[in-house]
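Below is one structure, written out as structure tokens; the observations come after it.
The values are calculated or read from the model by the stated rules, or taken from the named source; none is laboratory data. Computed from a prediction, not measured in an experiment: that's the story for all the values here. In this analysis, Cβ positions are derived from the backbone assuming ideal geometry, glycine residues included, and neighbour counts consider all displayed protein chains.
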Amino acid sequence: MDEGMKACPACGEAIQAAAHKCRYCGTDLDAYVASKETAVEKTLFSGHPKVIYTFSQYFFVIITLGIALLVYWLRSLSTTFTITTQRVRFERGILSKTQDNLELFRVDHFDLLKPLGMRLLGLCQVHMHSSDEGMTSVYLYGIPGLEGLADTLRECSLRERTRRRVMPIEHM
């Protein structure tokens, strides 16, 4: 093959290196490469929620002389969120673990909740409504930068629906 030629990723025929569409099979090369890249699952966030994620929790820590901080710390330690471009994984438990997965193509819509106590700390909560019968409602909380991550999750959800050719069902 010449320097100015490359193989079409779809059919393998030799085409010009600068080509955006294969003249043999008609494949849009830019879209083909982009679709292959989106099929790879990338981690957007992995970790525990913040120990104290609302202003009222600070109040309870002060009133209980720090005992509530231990309870909140154990709760945070027992919850792990792993958010990828294709799914949201929840792991709960300290000694015994339970893991749930919510595929993003099943998410119907997102609600962004900003109660006053969370807004004072610069945090928010995301409520995901799902068509999955086992997980119809999922909450994400205590994650730094969750508001921007919610927009990314919405885009990933729409991309996954398109990639898997899933059409939403309208409830009447």
Inset, instruction - Would you please name the residue that is farthest from CYS124 (Cα to Cα), looking only at residues in the stretch 19-40 that are in a loop (DSSP other than H, G, I, E, B) and hydroxyl-bearing (Ser, Thr, Tyr)? - result: TYR24
Legend entry - Odd one out for SER131, checked against (1) in contact with a Ser or Thr (Cβ under 8 Å, 6 or more places away or on another chain); (2) closer than 15 Å to SER157 by Cα; (3) surrounded by fewer than 17 Cβ atoms within 10 Å (Cβ to Cβ); (4) not hydrophobic (A, V, I, L, M, F, W, C): (1)
Inset, instruction - Select, from ALA17, ALA31, the only residue that is touching a Lys or Arg at 6+ places or on another chain (Cβ under 7 Å), hydrophobic (A, V, I, L, M, F, W, C) and surrounded by fewer than 16 Cβ atoms within 10 Å (Cβ to Cβ). - result: ALA17
Inset, instruction - Check whether at least one residue in the stretch 108-115 is surrounded by fewer than 18 Cβ atoms within 10 Å (Cβ to Cβ), closer than 22 Å to ALA39 by Cα and in the same structural domain as PHE59 (by TED's automatic domain parsing), and report yes or no. - result: yes
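Looking at LEU104, LEU120, LEU140, LEU146, which one is in contact with a helix residue (DSSP H, G or I) (Cβ under 7 Å, 6 or more places away or on another chain) and either free of Cβ contacts under 8 Å to residues at least 40 places away in the same chain or surrounded by fewer than 15 Cβ atoms within 10 Å (Cβ to Cβ) (or both)? Can you show your working first?
Working: LEU104 fails: either free of Cβ contacts under 8 Å to residues at least 40 places away in the same chain or surrounded by fewer than 15 Cβ atoms within 10 Å (Cβ to Cβ) (or both); LEU140 fails: either free of Cβ contacts under 8 Å to residues at least 40 places away in the same chain or surrounded by fewer than 15 Cβ atoms within 10 Å (Cβ to Cβ) (or both); LEU146 fails: in contact with a helix residue (DSSP H, G or I) (Cβ under 7 Å, 6 or more places away or on another chain).
Answer to the selection: LEU120.
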Legend entry - Residue ID - nearest to GLU160 (Cα to Cα), chosen from residues in the stretch 52-81 that are surrounded by fewer than 17 Cβ atoms within 10 Å (Cβ to Cβ) and touching a Gly at 6+ places or on another chain (Cβ under 8 Å): SER78
Inset, instruction - State the number of residues belonging to the stretch 27-75 that are β-branched (Val, Ile, Thr) and within 30 Å of CYS156 (Cα to Cα). - result: 8
Inset, instruction - Mind checking which strands (runs of 3 or more DSSP E) fall wholly inside the stretch 41-101 and carry at least 1 residues that are without any contact (Cβ under 8 Å) to a residue 24 or more places away in the chain and assigned by TED's automatic domain parsing to the domain that holds GLY134? - result: 87-92
